[in-house]
Amino acid sequence: MSRKPSFANLRDRNVPAPAPAPVVDAGPADVAGGGATPRPNSRKGRKQIAGFFSPDMSLAMHMLARRQGRSLQALMAEAFNDALRKYGESPIGD
């Protein structure tokens with residue numbers, strides 16, 4: 001029966017350090033969530049609203065969006081505007 005290799009012999013190996021990643025200074029207006037990744041133009045001036053739903057709700061909403069030929073985001077915006085109207089607030093639009 002063979003033995004599993006020991007990782008102790010890897011400790012003394014001379015492995016070159018990885019090259020540092022280039023630093024991108026995108027500026028505070030162009031970063032999403034404080035990272036260094038530039039925000040896509042479609043997300044500029046927008047805020048994320050997220051929630052956790054049951055798998056059945058997720059499937060139903062994705063299927064409805066597909067049948068309607070709309071995005072899930074568009075259906076969510078419609079639902080949020082309906083909720084705003086229901087409670088006497090002005091709908092926002094998109």
Log entry, pairs with first residue in the range 59-78 being closer than 16 Å to Lys47 by Cα, second being exposed (fewer than 11 other Cβ atoms within 10 Å of the Cβ), beta carbons closer than 7 Å, six or more apart or on different chains, reads Ala77/Asp94
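Would you pick out the residues in the range 36-56 that are farther than 30 Å from Pro22 by Cα and either of a type in the set (Val, Ile, Thr) or more than 19 Å from the chain's Cα centre (by Cα) (or both)?
Matches in the range 36-56: Ile49, Asp56.
Which one is nearest to Ala74 (Cα to Cα), of the residues in the range 20-43 that are at pLDDT 70 or above and open to solvent by less than 90 Å² (accessible area, probe 1.4 Å)?
First, the residues of the range 20-43 that are at pLDDT 70 or above: 20-22, 37-43.
After this cut, where a residue has to be open to solvent by less than 90 Å² (accessible area, probe 1.4 Å) as well, the list is 21, 38-40.
Numbers: Ala21: 37, Pro38: 24, Arg39: 20, Pro40: 18 Å.
Looking at residues that are at pLDDT 70 or above and open to solvent by less than 90 Å² (accessible area, probe 1.4 Å), I get Pro40.
Find the residue count for the range 45-77, including only residues that are out of contact with any Asp or Glu (no Cβ under 7 Å at 6 or more places or on another chain) and open to solvent by less than 80 Å² (accessible area, probe 1.4 Å). Walk me through how you get there before you give the answer.
From the range 45-77, those out of contact with any Asp or Glu (no Cβ under 7 Å at 6 or more places or on another chain) are 45-76; that's our starting set.
With open to solvent by less than 80 Å² (accessible area, probe 1.4 Å) added as a condition, the list becomes 51, 54, 58, 60-61, 64-65, 69, 71-72, 74-76.
Result for the range 45-77: 13.
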Within the range 59-77, how many residues turn out to be modelled with pLDDT of 95 or more, of a type outside the set (A, V, I, L, M, F, W, C) and in a helix (DSSP H, G or I)?
-> 4
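The values are calculated or read from the model by the stated rules, or taken from the named source; none is laboratory data. It should be emphasised that the depicted structure is a prediction, and the values quoted were computed from it without experimental measurement. Glycine also receives a Cβ, built like all others from the backbone with ideal geometry; neighbour counts cover every protein chain displayed. Just the protein is used for accessible areas: all its heavy atoms, side chains included, with ligands, DNA and RNA removed. Shrake-Rupley method; radii C 1.70, N 1.55, O 1.52, S 1.80 Å.
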